[in-house]
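The structure appears below as structure tokens.
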Amino acid sequence: MLNVKVAAAVLNQTPMDWEGNARNILQALDQARQSGASVVCLPELCITGYGCEDAFLSAGMRRMAWDKLQELVPATEGLVACFGLPISYRGLVFNVAAIAANGKLLGMVPKKNLAGDGIHYEPRWFKPWPSGKRAFYEEDGLKIPLGDLVFDFDGIMLGLEICEDAWVASRPGGRLAELGVDLILNPSASHFAFDKQEVRRRFVLEGSRAFHAAYVYANLLGNEAGRAIYDGGAMVASEGRLLAEAPRFSFLDSVVTTAVVDVDVNRMNRAKSDAFVLNFDAARDQVVESDFALPHCEPDVVSIEEPAWEASDNLKEEEFTRAVTLGLFDYLRKSRSRGFVVSLSGGADSAAVTTLCAYMVQFGLKELGVSRFAKKLAYIAGLEGMADAAEINQKLLTCVYQATRNSGDVTLNAARAVAETVGAGFHCVDVDDLVQKYIALGEQVEGRPLTWEQDDIALQNIQARTRSPGIWLVANLKNALLLSTSNRSEAAVGYATMDGDTSGGLCPISGIDKAFLRTWLVWMEEHGPAGIGCLSALEKINKQQPTAELRPADQKQTDEADLMPYTILDAIERLAIRDKQTAVEVLSHLLHRYPGHTAKELGGYVERFFQLWSRNQWKRERYAPGFHLDDENLDPKTWCRFPILSGGFRSELKVMWDRVAELEAD
């Protein structure tokens, strides 16, 4: 036996929060040391934070990161640790993992494969390091090995794959295996998306099996920079088996997960493998030797207790609830807002946002307790000593129902029931007089009465816009964060009033479609997340048909009558925007999926989507920031680019209608 205890640390970092980030790193190193670990993998770019954007190009910022690294290196006494930071070499910027051991900086390994798709823009700031190249980084009188390196600790070899390196077909781990590496560290900043953890498990397990090495994976945690949420989920694997896995979506600043790995067993499997070939041509300067020997330890019993919710039949609902509530908590405390304000209409979207805010408190209290929860929000006076979630929600969450003559008792009662059940502050105000004054202003300008037959959109929009100044006033008075309530389906077709229901500093549900949101609300009413439970008051929300409630009641307005069935809308969005299908190709898919609809009817839905999509890009450019929840996002700032002005798909739609005519003629 040659046993080594390793640790994977997940950290809740903030871009350029030098003291806070260092404090979390030191806390994790201490936890690892106390647990008996001798090798610690910290997340990618943990010193600076991953989401620094164009600040990575600042020489001053990189100098701050280097100085902070020098402060942290002495804390590795008795340990090997990797620290993530940006450095500049010959005028180019690289994303590196710096390896320190027993208080000494040994070398730095730059990332080879940069993430440049989806929400990632690494090639904007960093350059990929070429395989097999090595140099020296010189700073403050130090000359540090830099490049494609491995590290030798008294015969135990350590190498690195940095996040994206493990996601590509030609993983660096294959070349590390040819060098006989025993441990592979993967410092990552891998954002949350539905079902993504299972993909990570596969490459961690396969890396440990194929490379005949123990594999240590550490990720970021929480809402780091505003949009991306990191779920943590550190892992340690060996011989293709998972030895340890950290719980996801923790409210803690750091979570350290340890496991004992048997180096000899991996070496035995390497020796048994007919396919394994040792690289005898590896340059000697690729190996950085250390005089620090990793202490050997006794074997450990592998016992992974996966939280029950991870095996749930409703995993997507569980992940959504936990991701957004953690995202809200970090956004609240990192922005130092005094709470949340929601314009609660009594409909599905605003009820979902209200529920998520309330469950943020539930999850936080369950993991932290009142004292630690209050300490994390110490800038908000009065939380310490509160008795329960309802009392804290009364302090942190304010809901306002803003009625007009087109509002009804059904939505008012639903809004009140949800707010009062979770303990939020609830206020009902009548804004109809303000709406009528704006209508009178319009009539004065037009020189005629405004009517629903002639001025439908204008009359709807002025009601939504009239609600905006008042709810902003409430948020300002409370120094709180106003949450907007538009979902992704509405964003796709612009079914929202700009400067009305889009008002807010953050939109927690803008990354999720309406069809799923309605399913989630029913699940929340009947079941709810494991360990927390359901919110039965949502029954008053779920029994309604979604409606903007902006037309007179006798018109029986519903969202789907205005647009199309949400399930079809969401299917078109994925085909047209995610998969980049043309209008006629989208129609072909819909004909197979929805045989109960005619080609002409489906063609009308497709035309309406493409026209509204292209017409409303300007709205998507102005929506409040939202959370990235899956890799089908419509956010033009981080995922889905589209021109504000375009041809509106006129030619593409003509091709589609020609196809409809052919089908009807058959």
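The values are calculated or read from the model by the stated rules, or taken from the named source; none is laboratory data. Because the structure is a prediction, the values reported are computed rather than measured. With ideal geometry, Cβ positions are generated from the backbone for all residues, glycine too; neighbour counts draw on all protein chains shown. Protein only, heavy atoms only, side chains kept; ligands, DNA and RNA dropped before computing areas. Shrake-Rupley method; radii C 1.70, N 1.55, O 1.52, S 1.80 Å.
Things worth noting here:
- Checked against the criterion of being more than 24 Å from the chain's Cα centre (by Cα), within 16 Å of L535 (Cα to Cα) and open to solvent by 10 Å² or more (accessible area, probe 1.4 Å), the candidates G382, G369, G347 yield just one match: G347.
- Members of the stretch 439-461 that are open to solvent by 40 Å² or more (accessible area, probe 1.4 Å), among the charged types (D, E, K, R) and either at pLDDT below 95 or touching a Phe, Trp or Tyr at 6+ places or on another chain (Cβ under 6 Å) (or both): E453
- Enumeration of residues in the stretch 401-423 that are of a type in the set (V, I, T) and in a loop (DSSP other than H, G, I, E, B): T404
- Residue that is nearest to V96 (Cα to Cα) [pool: residues in the stretch 158-190 that are crowded, with 22+ Cβ neighbours inside 10 Å and of a type in the set (V, I, T)]: I162
- Qualifying residue in the stretch 237-253 (condition: touching a Pro at 6+ places or on another chain (Cβ under 9 Å), modelled with pLDDT under 95 and either more than 23 Å from N3 (Cβ to Cβ) or among the small types (G, A, S) (or both)): no
- Cβ-Cβ distances below 6 Å connect the following pairs, each with a first residue in the stretch 528-553 that is more than 18 Å from E317 (Cα to Cα) and open to solvent by less than 60 Å² (accessible area, probe 1.4 Å), a second residue that is β-branched (V, I, T) and assigned to a loop (DSSP other than H, G, I, E, B), and a separation of six or more residues or different chains: T547/T558.
- Test: residue in the stretch 177-184 that is modelled with pLDDT of 95 or more, closer than 24 Å to A75 by Cβ and outside any loop (DSSP other than H, G, I, E, B): yes
- Just one of the listed residues (V263, V277) is in contact (Cβ under 8 Å) with a residue 60 or more places away in the chain, of a type outside the set (K, R), more than 30 Å from E318 (Cα to Cα) and buried (at least 18 other Cβ atoms within 10 Å of the Cβ), and it is V263.
- Per the listing I532, I572, the residue uniquely among the aliphatic types (A, V, I, L, M) and part of a helix (DSSP H, G or I) is I572.
- Summed over the stretch 191-245, residues that are open to solvent by less than 10 Å² (accessible area, probe 1.4 Å) and part of a helix (DSSP H, G or I) total 5.
- At least 1 residues being open to solvent by less than 80 Å² (accessible area, probe 1.4 Å) and more than 23 Å from Y495 (Cβ to Cβ) is the threshold, and among the helices (runs of 4 or more DSSP H) wholly inside the stretch 590-666 those reaching it are 599-615, 650-665.
- If you go through the stretch 80-96 and keep only what is buried (at least 22 other Cβ atoms within 10 Å of the Cβ) and more than 19 Å from C52 (Cα to Cα), you end up with V80, A81, C82.
- Filtering the stretch 397-417 to residues that are under 30 Å from the mean Cα position of the chain (by Cα) and without any contact (Cβ under 8 Å) to a residue 24 or more places away in the chain leaves nothing.
- Of S303, S345, all but one fail to be on the phi < 0 side of the Ramachandran plot, in contact with a Phe, Trp or Tyr (Cβ under 9 Å, 6 or more places away or on another chain) and in a loop (DSSP other than H, G, I, E, B); the exception is S345.
- Entry remark, the stretch 134-160: residues being of a type in the set (D, E) and within 36 Å of the chain's Cα centre (by Cα) number 2 in total.
- Only one of the listed residues (Q436, Q394) is in contact (Cβ under 8 Å) with a residue 24 or more places away in the chain and open to solvent by 10 Å² or more (accessible area, probe 1.4 Å). That residue is Q394.
- Hits in the stretch 83-117 (condition: touching a Ser or Thr at 6+ places or on another chain (Cβ under 8 Å) and outside any strand (DSSP E or B)): N102, G103, K112
Residues are listed down the side, and each one gets a yes or a no for (1) in contact (Cβ under 8 Å) with a residue 12 or more places away in the chain; (2) more than 24 Å from the chain's Cα centre (by Cα); (3) open to solvent by less than 30 Å² (accessible area, probe 1.4 Å):
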site	(1), (2), (3)
N3	yes, yes, yes
V6	yes, yes, yes
M16	yes, no, no
G20	no, no, yes
A32	yes, yes, yes
A37	yes, yes, yes
C41	yes, no, yes
Y50	yes, no, yes
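- Within the stretch 397-433, being under 30 Å from G364 (Cα atoms) and open to solvent by 60 Å² or more (accessible area, probe 1.4 Å) holds for N413, R416, E420, T421, H427, C428.
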